[in-house]
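First comes the structure, then the notes that go with it.
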Amino acid sequence: MHARAVTALTTGLLGTAALLLPATDVRAVDGTPPTVIAHRGGSAYAPENTLAAVDKAARLGAVWVENDVQRTRDGELVVLHDDSLRRTTDVERVFPGRAPWKVKDFTAADIAGLDAGSWFGAAYAGARVPTLKQYVRRVDLHRQKLLLELKNPELYPGIERDALKLLGNERWLDARHRNRLIVQSFSAASLRTVHELRPGVKTGFLGTPSVAELHAYAVFADQINPSYTSVSRAYVSAVHAFTGPHDKPLEVSTWTVDTADTARRVAGYGVDGIITDKPDVVRDALRE
């Protein structure tokens, strides 16, 4: 059903039929269990967004991993969640006079020398902040799939083009990777740019647009990915009623779900994916 044709129908019917689905049903609307996506890698068990976290996710059987991409002062794309290096590296000790330690103020060489593992545990001392190139190669090594978040794109004008160029150079935009990559962001403008530059790339918007706004997002986003605290069975049904830019129903992946009870609840809503720091916990919950 086309987006324009379903807006009124969706809002009128969700309060009745949609609510009849059993809360214990852990299957999405097409009968497929939700995809389990390792948030920042296996980040409950290894330092987030590092290659060690990718490896841990692979050992836990996570087919999909999620990461965050930012850009250094000299244009290198690196995998880090915060726009500051302070929380997850020893940057304060190495560069004490360079507060507030923003990623955009440091070169790739500066960042490559930082310890990005000791904050998490002694076993990971010496882990590094990976470049995006290093990260996608490790994901490829494990034959995993990637949910790549463009983090804070307003801080890095042109990061969409930079990321797509790197992904293209690493052959992540070829036919072999077509179903192995999704680019997401909290920025609708950034996702529009990705879609305009590479219409074939699947995209996801992080947030919870109103049902009345979904038709606009369906032009450039294949997914609507809300926090689990804001998702409901009715909302998931509303999203599924819209057709995205690749002529398929919009999908929903919700974050960040780390308990079995929450995993079962959101799966019962019919979500397509569950983003989690603990992919083993969510996997086991969905198998019960």
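The values are calculated or read from the model by the stated rules, or taken from the named source; none is laboratory data. Small disclaimer: the values here were computed from a predicted structure and weren't measured. Here the Cβ positions follow ideal geometry from the backbone for every residue, glycine too, while neighbour counts run over all protein chains shown.
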Restricting the range 200-217 to residues that are touching a Pro at 6+ places or on another chain (Cβ under 7 Å) and either modelled with pLDDT under 95 or not polar (S, T, N, Q) (or both), the residue that is nearest to Arg233 (Cα to Cα): Gly207
Output for the range 128-164, where each listed residue is aliphatic (A, V, I, L, M), free of Cβ contacts under 8 Å to residues at least 60 places away in the same chain and buried (at least 16 other Cβ atoms within 10 Å of the Cβ): Val136, Leu164
Odd one out for Ile224 among (1) farther than 21 Å from Glu66 by Cβ; (2) among the aliphatic types (A, V, I, L, M); (3) outside any loop (DSSP other than H, G, I, E, B): (1)
Per-region count, the range 68-117, residues touching a Leu at 6+ places or on another chain (Cβ under 9 Å), part of a loop (DSSP other than H, G, I, E, B) and not acidic (Asp, Glu): 8
Test result for Arg178, surrounded by fewer than 13 Cβ atoms within 10 Å (Cβ to Cβ) and in contact (Cβ under 8 Å) with a residue 12 or more places away in the chain: yes
Lone unmet requirement of (1) within 22 Å of Ile275 (Cα to Cα); (2) part of a loop (DSSP other than H, G, I, E, B) for Ala127: (1)
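Per-residue answers, yes or no, for (1) in contact with an Asp or Glu (Cβ under 9 Å, 6 or more places away or on another chain); (2) surrounded by fewer than 16 Cβ atoms within 10 Å (Cβ to Cβ); (3) under 25 Å from Ala163 (Cα atoms):
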| site | (1), (2), (3) |
| --- | --- |
| Thr72 | yes, no, yes |
| Gly75 | yes, yes, yes |
| Val79 | yes, no, yes |
| Asp83 | no, no, yes |
| Thr89 | yes, no, yes |
| Pro96 | no, yes, no |
| Gly113 | no, yes, yes |
| Gly126 | yes, yes, no |
Ser230 closer than 28 Å to Glu48 by Cβ and either aliphatic (A, V, I, L, M) or free of Cβ contacts under 8 Å to residues at least 24 places away in the same chain (or both): yes
Every pair of residues 6+ apart whose Cβ atoms lie under 6 Å, when the first sits in the range 93-114 and is over 12 Å from Arg128 (Cβ atoms) while the second is outside any loop (DSSP other than H, G, I, E, B): Pro100/Ser84; Trp101/Ser84; Trp101/Val91; Lys102/Ser84; Val103/Gln70; Lys104/Leu155
Test: residue in the range 38-61 that is at pLDDT 95 or above, under 15 Å from the mean Cα position of the chain (by Cα) and aromatic (Phe, Trp, Tyr): no
Residues being part of a loop (DSSP other than H, G, I, E, B) and closer than 20 Å to Ile275 by Cβ - total across the range 229-247: 3
Some residue of the range 204-219 being within 15 Å of Glu66 (Cβ to Cβ) and in contact (Cβ under 8 Å) with a residue 24 or more places away in the chain: yes
